[in-house]
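Asker: I have a structure here, written as structure tokens, and I will follow up with some questions on it.
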Number of protein chains: 2
Amino acid sequence: MDPENDTARMLAVAVEEALTGLAEGGIPIGAALFGPDGELLGRGHNRRVQDGDPSMHAETAAFRDAGRLRGYRRTVMVTTLSPCWYCSGLVRQFGIGRVVIGEARTFSGGHDWLAEHGVRITLLDDPECVRMMSGFIAAQPELWFEDIGE
Amino acid sequence: MDPENDTARMLAVAVEEALTGLAEGGIPIGAALFGPDGELLGRGHNRRVQDGDPSMHAETAAFRDAGRLRGYRRTVMVTTLSPCWYCSGLVRQFGIGRVVIGEARTFSGGHDWLAEHGVRITLLDDPECVRMMSGFIAAQPELWFEDIGE
């Protein structure tokens, strides 16, 4: 299916990743990278707790999982939460063409900046994503603030 | 020694990392993260070729190597090359206070943007860094452009 009309299916993969991370005792943010025909290229979730690795945010984990690619213009990054500056920088540097965001209520990163630089942004305001993230922040605020460097 | 007056020693670690990467057949960009008293917290180099991992730029590798930390304001990221948007986003998100850059002649990333957002930037224009990077780009342009998503 054309990824344009396929946000629910794509977001479901990112949510599944986030829930896997939560079940592992980690930060529940998930992401997935899809190709021009809606095919899954890579998926992942935040791994700060699991691997002791602060560099593995959901988006960077999905990007890594996709391996080496030549050209990201027609790819879509789907994430449960608005991308932080680190992950927004990833999107801009590699020219990822579109970002689909579960929600930006609990945290608002660089998605407006990305839009200014020509990235297509789809903000879903998904209630499940809001519930998942707000529940996590309330339960483990220190871990959350560590993850965003605050 | 106060890292303020210690750029040569700090850059030497980043250059050593870059040369290690080159010897491994990889992209010769190295970085290191130092603490408030000039102590080494983490070091690394680009690992696209070695690990098939496009997410490991020099700066992200050094950041990962430092492990989980609480607060980066008084840390210094030292890199052989101007940080791309991805790595600049890392610096901004985690509030790294200062970036020391070997050179920005062969590639100019987001260091002006970081300066606008309060990050102290020291641009050294180091001839060894310029020679190393320009030699690599001339020898393997496709690999270089892959690494910056162009």
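Asker: Which residues, taken from segment A:11-41, are surrounded by fewer than 21 Cβ atoms within 10 Å (Cβ to Cβ) and either at positive phi or in a strand (DSSP E or B) (or both)?
Answerer: If the condition is that a residue be surrounded by fewer than 21 Cβ atoms within 10 Å (Cβ to Cβ) and either at positive phi or in a strand (DSSP E or B) (or both), then A:Gly25, A:Gly38, A:Leu40, A:Leu41 are the ones that fit.
Asker: Select from segment A:1-10 the residues that are assigned to a helix (DSSP H, G or I) and at pLDDT below 95 and list them in ascending order.
Answerer: At the first step, the residues of segment A:1-10 found to be assigned to a helix (DSSP H, G or I) are A:3-5, A:7-10.
Matches in segment A:1-10: A:Pro3, A:Glu4, A:Asn5.
Asker: Quick one: which of A:Thr7, A:Thr20, A:Thr60 is under 19 Å from B:Gly149 (Cα atoms) and among the hydroxyl-bearing types (Ser, Thr, Tyr)?
Answerer: Numbers: A:Thr7 fails: under 19 Å from B:Gly149 (Cα atoms); A:Thr20 fails: under 19 Å from B:Gly149 (Cα atoms).
On inspection, the qualifying residue turns out to be A:Thr60.
Asker: How many residues are free of Cβ contacts under 8 Å to residues at least 40 places away in the same chain, over 19 Å from A:Met133 (Cα atoms) and within 14 Å of chain B (Cβ to nearest Cβ) if we restrict to segment A:9-53? Explain how you work it out, then say what you get.
Answerer: Taking segment A:9-53 and keeping what is free of Cβ contacts under 8 Å to residues at least 40 places away in the same chain, we get A:9, A:12, A:16, A:20-21, A:23-26, A:36-45, A:47, A:50-53.
In the following step, the residues that additionally are over 19 Å from A:Met133 (Cα atoms) were identified as A:9, A:36-42, A:51-53.
Those still in the list that are within 14 Å of chain B (Cβ to nearest Cβ) too: A:41-42, A:51-53.
Summing the residues that are free of Cβ contacts under 8 Å to residues at least 40 places away in the same chain, over 19 Å from A:Met133 (Cα atoms) and within 14 Å of chain B (Cβ to nearest Cβ) in segment A:9-53 gives 5.
Asker: Assess whether A:Ser82 counts as being among the small types (Gly, Ala, Ser), at pLDDT 95 or above and more than 22 Å from B:Val49 (Cα to Cα). So that I can check it myself, show each step before the final result.
Answerer: On the way: among the small types (Gly, Ala, Ser): yes; at pLDDT 95 or above: yes; more than 22 Å from B:Val49 (Cα to Cα): yes.
Considered against the rule, which asks whether it is among the small types (Gly, Ala, Ser), at pLDDT 95 or above and more than 22 Å from B:Val49 (Cα to Cα), A:Ser82 comes out as yes.
Asker: Read through the list (1) farther than 21 Å from B:Ser55 by Cα; (2) free of Cβ contacts under 8 Å to residues at least 24 places away in the same chain, then give the number of the only condition that B:Ile101 fails.
Answerer: For B:Ile101, the failing item is (1).
Asker: Just checking, how many residues over segment B:133-150 are more than 27 Å from A:Arg73 (Cα to Cα) and under 14 Å from the mean Cα position of the chain (by Cα)? Break it down into steps so the answer makes sense when it comes.
Answerer: First, pick out the residues of segment B:133-150 that are more than 27 Å from A:Arg73 (Cα to Cα): B:135.
Now narrow it down to the ones that are under 14 Å from the mean Cα position of the chain (by Cα): none.
Looking only at that region, the number is 0.
Asker: Kindly provide the set of residues from segment B:54-91 that are touching a residue at least 24 places away in the same chain (Cβ under 8 Å) and aliphatic (A, V, I, L, M), ordered by number. Please lay out each step first, then the result.
Answerer: Keep residues of segment B:54-91 that are touching a residue at least 24 places away in the same chain (Cβ under 8 Å), which gives B:54, B:57-63, B:65-67, B:69, B:71-88, B:90-91.
Within segment B:54-91, B:Ala58, B:Ala61, B:Ala62, B:Ala66, B:Leu69, B:Val76, B:Met77, B:Val78, B:Leu81, B:Leu90, B:Val91 meet the criteria.
Asker: Residues that are in contact with a helix residue (DSSP H, G or I) (Cβ under 9 Å, 6 or more places away or on another chain), surrounded by fewer than 24 Cβ atoms within 10 Å (Cβ to Cβ) and within 9 Å of another protein chain (Cβ to nearest Cβ): find the strands (runs of 3 or more DSSP E) completely inside segment B:54-144 holding 2 or more of those. Spell out the reasoning first.
Answerer: Numbers: elements: B:76-81, B:98-103, B:120-123.
Ranges flagged: none.
The values are calculated or read from the model by the stated rules, or taken from the named source; none is laboratory data. As the structure is a computational prediction, the values presented were derived from the model and not from experiment. Quick reminder, even Gly has a Cβ in these numbers, built from the backbone with ideal geometry, and neighbours come from all protein chains shown.
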